[in-house]
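Chemist: Below is one structure. I have some questions about it.
The values are calculated or read from the model by the stated rules, or taken from the named source; none is laboratory data. In this text the structure is predicted, and so the values were computed from the model without any measurement. Positions of Cβ are generated from backbone atoms using ideal geometry, with glycine treated the same way; all protein chains shown enter the neighbour counts. Ligands, DNA and RNA are stripped out before the accessible areas are found, and what is left, the full protein with its side chains, is counted by its heavy atoms. Shrake-Rupley method; radii C 1.70, N 1.55, O 1.52, S 1.80 Å.
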Amino acid sequence: MPKIDMPSGALPLLILRVLRAGPLHGYAIAQRIHTLSSDVLKVEEGSLYPALQKLLLKGWATAEWGISETNRKVRFYRLTRDGRKQLEMEMSEYDRVHEAIQTILRTA
Amino acid sequence: MQLFRRLAYLLNYRRHDRELAQELEFHREMGGRVESPLRLREDAREAWGWLWIDRLGQDLRYAARTLSRSPGFTLAAVAMLAIGIGVNIAAFGFFDIMVLRPLPVRDPETLLHFTRQSPERYASAMPYPEMAFFRDHSRTLEIFAQSPQKLSLEGEAKPRSANAVSENYFVELGASPLLGRLIEPSDASGPPVVVLSEALWRMHFGADAAIAGKTLRLNGKPSTVVGVVPATFSGVSLARPELWIASQQQPYFIDGTKILVDFSDTTQEVLGRLRPGMTPKIAEAELRALAAELRKQYPNDIWENETLPSKPGGYASSAMNGSQSGSGQRGPDKLLPVIMMITALVLLILIAACGNLGSLLLARGVARQREISIRVAVGAGSGRLLRQLFTESLVLAMLGAAAGLALGWAVLRYLLSITDSPSWMNPTPDWRVITFAAGAGFASAMLFGLSPAFQLARQRQRANFLRQALLCAQVAASCVLLIVAALLGRAMNHALTADPGFDYKHAITIDASLAAHGYAPAKAAAFLDTLRARILAVPGVASVGEATSLPLGNRNVVNGFDVDSHHVDMHANNIDPAFFETMKIPLLRGRNFKPGDTNAIIVSQSLAARAWPSVDPLGREIGHGDGKATVVGIAGNARATALEDPDAVEGYFLANAADQPGLSLVVRTAADPESVLPAIATIARGIDPQVFPTVQAMRTAFDVRMRGAEYSAATVAVLGATALLLACLGIVGLVSFAVTQRTREIGVRMALGAKQAHIIAIVLRQFSRPVLLGLVAGTAGAAALSQVLRRLLYGISNLDPEAYIGAVAIFLAAVLAGSLLPARKALRIDPVRALHHD
């Protein structure tokens, strides 16, 4: 199955979603999205890191130094309370939009 | 919150960047693809919104490097801008001092300056009793006042200028003494006191530290010196009095003066300080009601429906309009056109400088084509490139503005010192001037930098149109300046050689200032009769006349009146019948004054033409009520008190008994006035030992006036020469650039046998159109602009052909010489080498 480019605007939502389970570092976030999407979605580094900076700026995530599974010092991103709220909001919004599109596709 | 995080990021910017780099390094180790970590880091930074700082820093560093690599260009550009911006800063600095900056007095913003106005009349000064009534009854204002006076120090020939002030004057203005104390409310009824200016105290009393308490005889009357006013005290006038006395003590110093009770003596410049919570509107309403109340007691002295309009009083400009009165409404402000004229002239210099610099940048841009191509090739977008080039211009402009600030300060300081301005006028730039400098810098960067930057960033080879437009603007601006300079020069020459309508070369003036010495009308008349008789006995004296306003003197009374619903302002003079003969002003029609003539006026030909263009002026009437006068004669035009203003018209009244203390004498001599001057001075000073009249040849007063005109002509000439120089430099640069650009073509033409003149024509032809267009635009601009100059041209037309032709000829000659110099380079081109060029 060919890899599909990330739909615009979806990346922050996905990052927030994978962070809900617990803190992750940047590489792990990319990996997790890739695997969870059954290798359909590929996260480009060129958009992952700017997106992460944006989360930090908005205060939806914080970054702290930790030790990776390979025993290296690396930054872990952790969801904040604001981030959780944002995630819920974006998910319900996404659901609504998705449903609306589906309705059109089915009935039109 | 987001803003805080953003600021925190900026403060820890280096750490964040390092951490991001480590993170990316880890990502790569784990097997991810990080193709261009630098680009990624930049993108990440952009998320925080601080990238513009990075770019600005880069641009500034780059600009600094570029500019420092060509110091010659940078220096020339900064010098050009410094001149262009500097003259603007000097002009704005003066405007700032006069109009924007409050006077250094207490709370200047609550000060108001009051004048009198009624539907029929206006006056800038008030009689003392009216002022006193307002002072005693106003609940919205603290009223105070000043009036000019003249007082003689012991044994001195010339009276000193003094300021008679209300006893609350210094308190209201918040002045503190340099020494001793100033005039205080208790001085209204106390023993006579006097306060000295710092200048007088230093010059005349050797800065005596123990001066307070000493006795000084003023007009022969002993009074106690109580203190010294520092030179930094501005007061609320531009005059610099040397002595201050309390208004209420004037009857002590000046025998017989009725100034405190007489309503006909309008001398008081009235100011008021608003009490807390009051507005000018409330205060004006109160004064109007008070005036109506006072009119019940003095129906002849307070005008019907008199109002007291106010203007802000805490600025130098509010102290500037001298004393004016007349019937009807006040005429339009004469200062505004002059300010506009100066603004236009200094802006033209800036435009010329910017046009020049713009051409230079364009020419330089061609040399930078390669560098710019490289930058485009490595991925600089045109927006980024534009920003970078503009930053370079902005750096130049700011350097120019800083140098201009220094230059402007120096010019203003010099101008203030040669015009002997009061020492509280401080040329040091304040925040307004500095803001203006920054603004002027930015505006000029837009003017000279934006379009070349566009041209370069888009990599257009043909910047020809823009180059020609810049040249055209430059030529037009310099042309206007040169024409205005030529007009002023011609005007001066005209004033020096033409007949002003009265004979100032064979006249002596005697100003006895009898009013200031407290002479009553009868005593003054006796004094003048004695003086006239004794002077007529001097050999070489032809005739003696009298006037309240001396020709070329400092007193200038402008009276306005309405004729058939249009307003005419006339320069009024009260004279005796011998005045016309003495000044050699011809009486063209009608008759001279007869003794005892009341309500008669003799008008100048110009006034007659202005007021009654279609009917016979003789027998017409002007004014109303007591001031009504019938035209009995028409005299030749003699703008004796407003030489420079061709619109000035004159009206003469016969001096009556009440005018006697205000009269001065004019003496016509058959011989050289200088030869009889000493004899006349001795006679004039020998009648009353208390009175020391000022005696001088009218020629001297004329020369003093001319010096003022010389200053302005010289200033504009310097501006014009600067603009011409800039234009020539610009042309030299452009022509030599054109020669370099067309070397190959010229080589081919020479190889084919083109004549030398033909080659020069080819090089210069492309400049002829913008130069000619600029000349036409400049001439038209000068014609429009000089409209406001008309009143300062001593009767020369503002379209004077000689000035225009002369200026344009000088300009063309200079520009032609400037362009031939580099054009000759074209003739030395070796065809063989030229064809191998590139």
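Chemist: For the stretch A:30-50, check the following and say yes or no: at least one residue is part of a loop (DSSP other than H, G, I, E, B), touching a strand residue (DSSP E or B) at 6+ places or on another chain (Cβ under 7 Å) and surrounded by 14 or more Cβ atoms within 10 Å (Cβ to Cβ). Quick ask: steps written out before the conclusion?
Modeler: Step one: of the stretch A:30-50, the residues part of a loop (DSSP other than H, G, I, E, B) are A:37-40, A:42-44.
In the following step, the residues that additionally are touching a strand residue (DSSP E or B) at 6+ places or on another chain (Cβ under 7 Å) were identified as A:40.
Of the ones still in play, those that are also surrounded by 14 or more Cβ atoms within 10 Å (Cβ to Cβ) are none.
No, the stretch A:30-50 contains no residue that is part of a loop (DSSP other than H, G, I, E, B), touching a strand residue (DSSP E or B) at 6+ places or on another chain (Cβ under 7 Å) and surrounded by 14 or more Cβ atoms within 10 Å (Cβ to Cβ).
Chemist: Okay, moving on. So which of B:G235, B:G272, B:G277 ends up being within 29 Å of B:N305 (Cα to Cα) and in a loop (DSSP other than H, G, I, E, B)?
Modeler: Numbers: B:G235 fails: within 29 Å of B:N305 (Cα to Cα); B:G272 fails: in a loop (DSSP other than H, G, I, E, B).
Just one listed residue meets the conditions, B:G277.
Chemist: Also, I was wondering about something else. Which of the following residues is open to solvent by 30 Å² or more (accessible area, probe 1.4 Å), part of a loop (DSSP other than H, G, I, E, B) and either of a type in the set (K, R) or in contact (Cβ under 8 Å) with a residue 60 or more places away in the chain (or both): B:D499, B:D503, B:D569, B:D562? Write out each step before concluding.
Modeler: On the way: B:D499 fails: either of a type in the set (K, R) or in contact (Cβ under 8 Å) with a residue 60 or more places away in the chain (or both); B:D569 fails: part of a loop (DSSP other than H, G, I, E, B); B:D562 fails: part of a loop (DSSP other than H, G, I, E, B).
One residue alone meets the criteria, B:D503.
Chemist: What is the number of the single condition among (1) in a helix (DSSP H, G or I); (2) buried (at least 19 other Cβ atoms within 10 Å of the Cβ) that B:T700 does not meet?
Modeler: Going through the list (1) in a helix (DSSP H, G or I); (2) buried (at least 19 other Cβ atoms within 10 Å of the Cβ), B:T700 breaks only (2).
Chemist: Can you work out which of the residues in the stretch B:254-265 that are under 11 Å from B:E130 (Cα atoms) and out of contact with any Lys or Arg (no Cβ under 8 Å at 6 or more places or on another chain) is surrounded by the fewest Cβ atoms within 10 Å (Cβ to Cβ)? Quick ask: steps written out before the conclusion?
Modeler: Initial filter on the stretch B:254-265 (under 11 Å from B:E130 (Cα atoms)): B:260-265.
The next check asks that each one be out of contact with any Lys or Arg (no Cβ under 8 Å at 6 or more places or on another chain); those that pass are B:260-264.
On the way: B:L260: 15, B:V261: 12, B:D262: 14, B:F263: 16, B:S264: 9.
My answer is B:S264.
Chemist: Filter the stretch B:661-682 down to the residues that are polar (S, T, N, Q) and at pLDDT 90 or above, then identify the one that is nearest to B:H506 (Cα to Cα). I'd like the intermediate steps shown before the answer.
Modeler: The first filter runs over the stretch B:661-682 and keeps only residues polar (S, T, N, Q), leaving B:664, B:669, B:675, B:682.
Still in the running and at pLDDT 90 or above: B:664, B:669.
Values: B:S664: 17, B:T669: 5 Å.
Residue satisfying both the conditions and the ranking: B:T669.
Chemist: Only one of (1) within 30 Å of B:Y504 (Cβ to Cβ); (2) open to solvent by 60 Å² or more (accessible area, probe 1.4 Å); (3) modelled with pLDDT under 80 is not met by B:T740, so which one is it?
Modeler: Evaluating B:T740 over (1) within 30 Å of B:Y504 (Cβ to Cβ); (2) open to solvent by 60 Å² or more (accessible area, probe 1.4 Å); (3) modelled with pLDDT under 80 leaves (1) as the failure.
Chemist: Next up: Is one or more of the residues making up the stretch A:53-60 within 13 Å of chain B (Cβ to nearest Cβ), among the charged types (D, E, K, R) and in contact (Cβ under 8 Å) with a residue 12 or more places away in the chain?
Modeler: So far as the stretch A:53-60 goes, yes, one or more of its residues are within 13 Å of chain B (Cβ to nearest Cβ), among the charged types (D, E, K, R) and in contact (Cβ under 8 Å) with a residue 12 or more places away in the chain.
Chemist: Sticking with this one: State whether one or more residues within the stretch B:3-23 are closer than 19 Å to B:G404 by Cα, of a type outside the set (V, I, T) and out of contact with any strand residue (DSSP E or B) (no Cβ under 6 Å at 6 or more places or on another chain).
Modeler: Going residue by residue through the stretch B:3-23, those that are closer than 19 Å to B:G404 by Cα are none.
There is no residue in the stretch B:3-23 that is closer than 19 Å to B:G404 by Cα, of a type outside the set (V, I, T) and out of contact with any strand residue (DSSP E or B) (no Cβ under 6 Å at 6 or more places or on another chain).
Chemist: Would you point out which residue out of B:P539, B:P551 is surrounded by fewer than 22 Cβ atoms within 10 Å (Cβ to Cβ), assigned to a loop (DSSP other than H, G, I, E, B) and at negative phi? Walk me through how you get there before you give the answer.
Modeler: On the way: B:P551 fails: surrounded by fewer than 22 Cβ atoms within 10 Å (Cβ to Cβ).
Every option except B:P539 fails the conditions.
Chemist: A further question on this structure: What are the residue pairs meeting all of these: first residue in the stretch B:703-715, first residue under 18 Å from B:V338 (Cα atoms) and open to solvent by 70 Å² or more (accessible area, probe 1.4 Å), second residue assigned to a helix (DSSP H, G or I) and at pLDDT 80 or above, Cβ atoms under 7 Å, and 6 or more apart or on different chains?
Modeler: Close Cβ pairs satisfying both conditions: B:E710/B:M492.
Chemist: Related question: Has the stretch A:69-79 got any residue that is away from every other protein chain (no Cβ under 13 Å) and either touching a residue at least 40 places away in the same chain (Cβ under 8 Å) or open to solvent by less than 80 Å² (accessible area, probe 1.4 Å) (or both)? Quick ask: steps written out before the conclusion?
Modeler: So in the stretch A:69-79, the residues away from every other protein chain (no Cβ under 13 Å) come out as A:78-79.
Checking which are either touching a residue at least 40 places away in the same chain (Cβ under 8 Å) or open to solvent by less than 80 Å² (accessible area, probe 1.4 Å) (or both) leaves us with A:78-79.
Yes, that holds for at least one residue.
Chemist: Quick one: which residue in B:L60, B:L75 is away from chain A (no Cβ under 11 Å), touching a residue at least 60 places away in the same chain (Cβ under 8 Å) and farther than 29 Å from A:E45 by Cβ? Spell out how you get there, then give the answer.
Modeler: Numbers: B:L75 fails: touching a residue at least 60 places away in the same chain (Cβ under 8 Å).
It is B:L60.
Chemist: In this structure, is A:W65 open to solvent by less than 80 Å² (accessible area, probe 1.4 Å), aromatic (F, W, Y) and within 13 Å of chain B (Cβ to nearest Cβ)?
Modeler: Numbers: open to solvent by less than 80 Å² (accessible area, probe 1.4 Å): no; aromatic (F, W, Y): yes; within 13 Å of chain B (Cβ to nearest Cβ): yes.
For A:W65, the condition - open to solvent by less than 80 Å² (accessible area, probe 1.4 Å), aromatic (F, W, Y) and within 13 Å of chain B (Cβ to nearest Cβ) - is not met.
Chemist: Hey, among B:A761, B:A803, B:A809, B:A757, which residue is open to solvent by 40 Å² or more (accessible area, probe 1.4 Å) and closer than 30 Å to B:M706 by Cα? Before you say what the answer is, go through the steps one by one.
Modeler: On the way: B:A761 fails: closer than 30 Å to B:M706 by Cα; B:A803 fails: open to solvent by 40 Å² or more (accessible area, probe 1.4 Å); B:A757 fails: closer than 30 Å to B:M706 by Cα.
Residue meeting the stated conditions: B:A809.
Chemist: Quick check: anything in the stretch B:205-226 of a type in the set (F, W, Y) and either open to solvent by less than 20 Å² (accessible area, probe 1.4 Å) or in contact (Cβ under 8 Å) with a residue 12 or more places away in the chain (or both)? Break it down into steps so the answer makes sense when it comes.
Modeler: Initial filter on the stretch B:205-226 (of a type in the set (F, W, Y)): B:205.
Right, trim to either open to solvent by less than 20 Å² (accessible area, probe 1.4 Å) or in contact (Cβ under 8 Å) with a residue 12 or more places away in the chain (or both) and you get none.
No.
Chemist: I want to confirm something. Restricting to the stretch B:1-36 and keeping residues that are touching a residue at least 12 places away in the same chain (Cβ under 8 Å) and more than 22 Å from A:G66 (Cα to Cα), which single residue is farthest from the other protein chains (Cβ to nearest Cβ)?
Modeler: The residue in question is B:L10.
Chemist: Restricting to the stretch B:37-49, what's the tally of residues that are open to solvent by 40 Å² or more (accessible area, probe 1.4 Å) and either within 8 Å of chain A (Cβ to nearest Cβ) or in contact with a helix residue (DSSP H, G or I) (Cβ under 6 Å, 6 or more places away or on another chain) (or both)? First the steps, then the outcome.
Modeler: We begin by selecting, within the stretch B:37-49, every residue open to solvent by 40 Å² or more (accessible area, probe 1.4 Å); these are B:37-39, B:41-43, B:46.
Now drop any that are not either within 8 Å of chain A (Cβ to nearest Cβ) or in contact with a helix residue (DSSP H, G or I) (Cβ under 6 Å, 6 or more places away or on another chain) (or both), which leaves B:37, B:39, B:41, B:43, B:46.
Total meeting the criteria: 5.
Chemist: Another question, then. Which of the residues spanning the stretch B:593-617 are in a loop (DSSP other than H, G, I, E, B) and open to solvent by less than 50 Å² (accessible area, probe 1.4 Å)?
Modeler: B:F593, B:D597, B:W612, B:P617
Chemist: A further question on this structure: Please verify whether B:L785 is within 20 Å of B:L496 (Cα to Cα) and assigned to a helix (DSSP H, G or I), treating the condition exactly as stated.
Modeler: Details: within 20 Å of B:L496 (Cα to Cα): no; assigned to a helix (DSSP H, G or I): yes.
Spelling it out, it is not the case that B:L785 is within 20 Å of B:L496 (Cα to Cα) and assigned to a helix (DSSP H, G or I).
Chemist: Checking B:K311 against (1) part of a helix (DSSP H, G or I); (2) open to solvent by 60 Å² or more (accessible area, probe 1.4 Å); (3) at pLDDT 80 or above, which test does it fail?
Modeler: (1)
Chemist: Something else about it: Limited to the stretch A:21-51, what total is found for residues that are facing another protein chain (nearest Cβ under 9 Å) and out of contact with any helix residue (DSSP H, G or I) (no Cβ under 9 Å at 6 or more places or on another chain)?
Modeler: Of the residues in that region, 1 qualify.
Chemist: Only residues that are outside any strand (DSSP E or B) and of a type in the set (G, A, S): list them for the stretch B:144-194, please. Full working, then the answer.
Modeler: So the first thing to find is which residues in the stretch B:144-194 are outside any strand (DSSP E or B), and the list is B:152, B:154-159, B:166-178, B:181-192.
Once the filter is applied, which keeps residues that are outside any strand (DSSP E or B) and of a type in the set (G, A, S), the stretch B:144-194 yields B:S152, B:G155, B:A157, B:S166, B:G174, B:A175, B:S176, B:S186, B:A188, B:S189, B:G190.
Chemist: Also, quick follow-up: Quick check on B:E109: is it without any contact (Cβ under 8 Å) to a residue 40 or more places away in the chain and either within 14 Å of chain A (Cβ to nearest Cβ) or under 30 Å from B:Y169 (Cα atoms) (or both)? Give the steps one after another, and end with the answer.
Modeler: Numbers: without any contact (Cβ under 8 Å) to a residue 40 or more places away in the chain: no; either within 14 Å of chain A (Cβ to nearest Cβ) or under 30 Å from B:Y169 (Cα atoms) (or both): yes.
Answer is no for this residue.
Chemist: State whether the residues of the stretch B:474-489 include one that is open to solvent by 10 Å² or more (accessible area, probe 1.4 Å), of a type outside the set (A, V, I, L, M, F, W, C) and at pLDDT 80 or above.
Modeler: yes
Chemist: Scan (1) within 16 Å of B:S161 (Cα to Cα); (2) touching an Asp or Glu at 6+ places or on another chain (Cβ under 7 Å) for the single condition B:G314 breaks and write down its number.
Modeler: Of everything listed in (1) within 16 Å of B:S161 (Cα to Cα); (2) touching an Asp or Glu at 6+ places or on another chain (Cβ under 7 Å), B:G314 misses just condition (1).
Chemist: Taking A:L55, is it surrounded by 16 or more Cβ atoms within 10 Å (Cβ to Cβ) and closer than 23 Å to B:R5 by Cα? Walk me through how you get there before you give the answer.
Modeler: Working: surrounded by 16 or more Cβ atoms within 10 Å (Cβ to Cβ): yes; closer than 23 Å to B:R5 by Cα: yes.
Taking the combined requirement at face value, the residue satisfies it.
Chemist: For the stretch B:360-468, list the helices (runs of 4 or more DSSP H) that sit wholly inside it and hold at least 3 residues that are in contact with a Leu (Cβ under 9 Å, 6 or more places away or on another chain) and modelled with pLDDT of 85 or more; which are they?
Modeler: Values: elements: B:369-377, B:382-418, B:431-457.
Per the criteria, B:382-418, B:431-457.
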